[in-house]
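Following: one structure in structure tokens, then a few remarks.
Derivation of every value follows stated rules applied to the coordinates shown; laboratory data play no part. Quantities reported herein were computed from a predicted structural model and do not represent experimental measurements. Here the Cβ positions follow ideal geometry from the backbone for every residue, glycine too, while neighbour counts run over all protein chains shown.
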Amino acid sequence: MIVGTGSGCGKTTMTMGLLKALLESGLTVSSFKCGPDYIDPMFHSEIIGTKSRNLDLYLCGSSTVRYLLEKGAEGTDIAVIEGVMGMYDGMGFHDDEFSANHISRETETPQLLVVNVRGKSVSLLAELSGYLHFKENRIRGVLLNHCSAAMYPAYKAMIEEALPLRVCGFLPPVREAEIGSRHLGLITAEEVEDLKNKIEALGRVAADTLDLSAVREIAQAAPELETEEIVLAPAAEKPVRIGVAKDKAFCFYYEDNFRLLSALGAELVFFSPLADSCLPADICGLILGGGYPEEYLSQLAENRKMQEAIRGAVQSGMPVYAECGGFMYLGETIEKERKIYPMAAAVPGNFHMTGHLVRFGYKELTANRDNLMCKAGEKIRCHEFHYSDTDHYGDGFTAEKRGKTWQTIVAGDTVFAGYPHLHLWSNIRFAENFVRKCSAFGGGTWK
């Protein structure tokens, strides 16, 4: 696990460089990201050529996280897990529960700590000593960010003489590999111009500056994972075609959600609300994930044929599951910079962009009534991360966070649409019910 001293210390850049260098060394590599992050796994996936996964203890629990890690790493030589925020930063301010360090403990994964050495000499030892001795951890090595080749031997000798840590390499600034950012973190992999060359440049540097032998030795010391098998039974007698909105505007998806739905009988068919004029043929369900619809409002508003197709499908009773950006698109309008853009008007609600996070963080949902995904009283954990607000949250579920409650999600027999992002492994029954109801709908061609 690649952990850091805090957000911005260089975890993602270091992870990307390490993944590329390991891959170029001839190893088969799997990758994971701690917590509810959609963007970093996109970059991992671009490098390793297969899908990166998320590991989230709050959403899924320890036994499921261990299972997903084992299954995701199956058939590869090494699994690399990128941490989140600072290694001890979790859900609150009292302990490290649900942090990257917590996941490391639960999965018995050794850690390499990324530290930015810029502007530090002996003070670096105090920082490293603090992280090493603060709480139970599995820190076995250090990776130095913003370090020059000339200074690396001095840092390495100083650290290894003073602390029981192995220095496993460094990265200098790699200007030609820099990636921009926006309010939810990095811009997405699909939006980065010349991404392949940026990755190649970073990989070349990492191959020269990271000690891959040391990394492999530390990884090989990890014990075998002991997991409980999760048996999945198909929720439909034959494959169920479900349309999934996937393009630059709608790209926030957990890979394990797709794998779960597929195991339950879904045949996922991807389409673009930006570029396509009609829905895929013979689908019997819709999924509209989160993303950045606010960055493509003109294109989405101008594609009236797609909006009409989606509105018609929803009005016909086709099951639809929409999260965050997908929820915004299903609504009536989105306002940004005092301009109002018409959306699909398939569910009530007008949205507007804000300059701050709204209802941010983890929470638990309890169904107020029977709906598309579950029965009244059933629960699922979720996460929200959005810079927009609405005049119609819905009242299908009660959300609870640290004792506070509020109403959320437009939920009925055929619609589940709201800001919360779900990890369906948190409550597999939600995925089973969705596939089952899509199968019962029976499909059709929508134009």
Under 13 Å, Cβ to Cβ, from residue 135 - net charge with Lys/Arg +1 and Asp/Glu -1:
-3
Between residue 345 and residue 405, what is the label-to-label distance in nm when each label sits 7 Å out along the Cα-to-Cβ direction?
3.6 nm
I want to check the label-to-label distance for residue 305 and residue 337. Put each point 7 Å from Cα in the C-beta direction and report it in nm to one decimal.
2.8 nm
Angle check, please: helix 39-48 long axis (alpha carbons) against the longest principal axis of the chain (alpha carbons), in degrees 0 to 90, nearest 10.
70 degrees
Summing +1 for each Lys or Arg and -1 for each Asp or Glu, what net charge is found among the other residues whose Cβ lies under 15 Å from the Cβ of residue 391?
-3
As a footprinting exposure proxy, order 144, 424 by other Cβ within 10 Å, with the fewest listed first.
424, 144
Segment 2-220: relative contact order from alpha carbon pairs under 8 Å, six or more residues apart, as a whole percent, is 24 percent
Among 84, 164, 281 the positive-end extreme of the charge dipole of the chain (Cβ point charges)
281
If you count the DSSP beta bridges with both ends in segment 199-338, what percent of them are antiparallel, to the nearest 5?
15 percent
What are the ³J(HN,Hα) values, in whole Hz, obtained from phi via the Karplus relation 6.51 cos²θ - 1.76 cosθ + 1.60 with θ = phi - 60°, for each residue of segment 128-143 in sequence order, with x given for Gly and Pro?
5, 4, x, 5, 5, 10, 5, 9, 4, 8, 10, 5, 10, x, 10, 10
Of the candidates 15, 317, 206, the farthest towards the positive dipole end of the chain (Lys/Arg Cβ +1, Asp/Glu Cβ -1, centred on the Cα centre) is 317
Shape call for segment 2-220 from the C-alpha gyration tensor, a ≥ b ≥ c root eigenvalues: rounded (a/c under 1.5), prolate (a/b greater than b/c) or oblate?
rounded
Pull out a ≥ b ≥ c, the square roots of the eigenvalues of the alpha-carbon gyration tensor of segment 348-388, then state rounded if a/c is under 1.5, prolate if not and a/b is larger than b/c, and oblate in the remaining case.
oblate
Neighbour-count ranking for 12, 209 (other C-beta within 10 angstrom, fewest to most) reads 209, 12
Percent of Cα-Cα pairs more than 29 Å apart in the chain, please.
49 percent
Label-to-label distance, nm, for residues given as residue 298 and residue 281 (7 Å Cα→Cβ offset)
3.4 nm
Average Cα contact separation per residue, the chain, under 8 Å, 6 or more apart, as relative contact order %
13 percent
Can you sort 228, 24 by how many other beta carbons sit within 10 Å, fewest first?
228, 24
Looking at the chain, send over the antiparallel percent of its DSSP beta bridges, to the nearest 5.
45 percent
Net lengthening on full extension, residue 97/residue 357 (0.36 nm per residue, minus Cα-Cα)
91.4 nm
Within straight cross-link reach of residue 404, meaning Cα distance under 17 Å, which aspartates and glutamates are found once same-chain residues fewer than 8 apart are removed?
364, 384, 395
Looking only at segment 330-351, which residues have a backbone nitrogen under 17 Å from a spot 7 Å from the Cα of residue 389 in the C-beta direction?
333-339, 349-351
Residue-count net charge about residue 365 - beta-carbon cut-off 14 Å; Lys, Arg +1, Asp, Glu -1
+3
Over 20 Å between Cα atoms, which of 20/248; 11/198; 336/363; 238/437 qualify?
20/248; 336/363
Per DSSP H run of n ≥ 4, the term is -39500 (n - 2.57); total these for the chain, divide by its residue number, and report the mean residue ellipticity at 222 nm rounded to 500 deg cm²/dmol.
-9500 deg cm²/dmol
With viscosity set to 1.306 mPa s and temperature to 10 °C, compute the Stokes-Einstein D of segment 1-96, Rh being the Kirkwood radius across alpha carbon pairs; µm²/s, no decimals.
116 µm²/s
Helix 195-209 against the longest principal axis of the chain: what's the angle in degrees, Cα atoms only, rounded to the nearest 10?
20 degrees
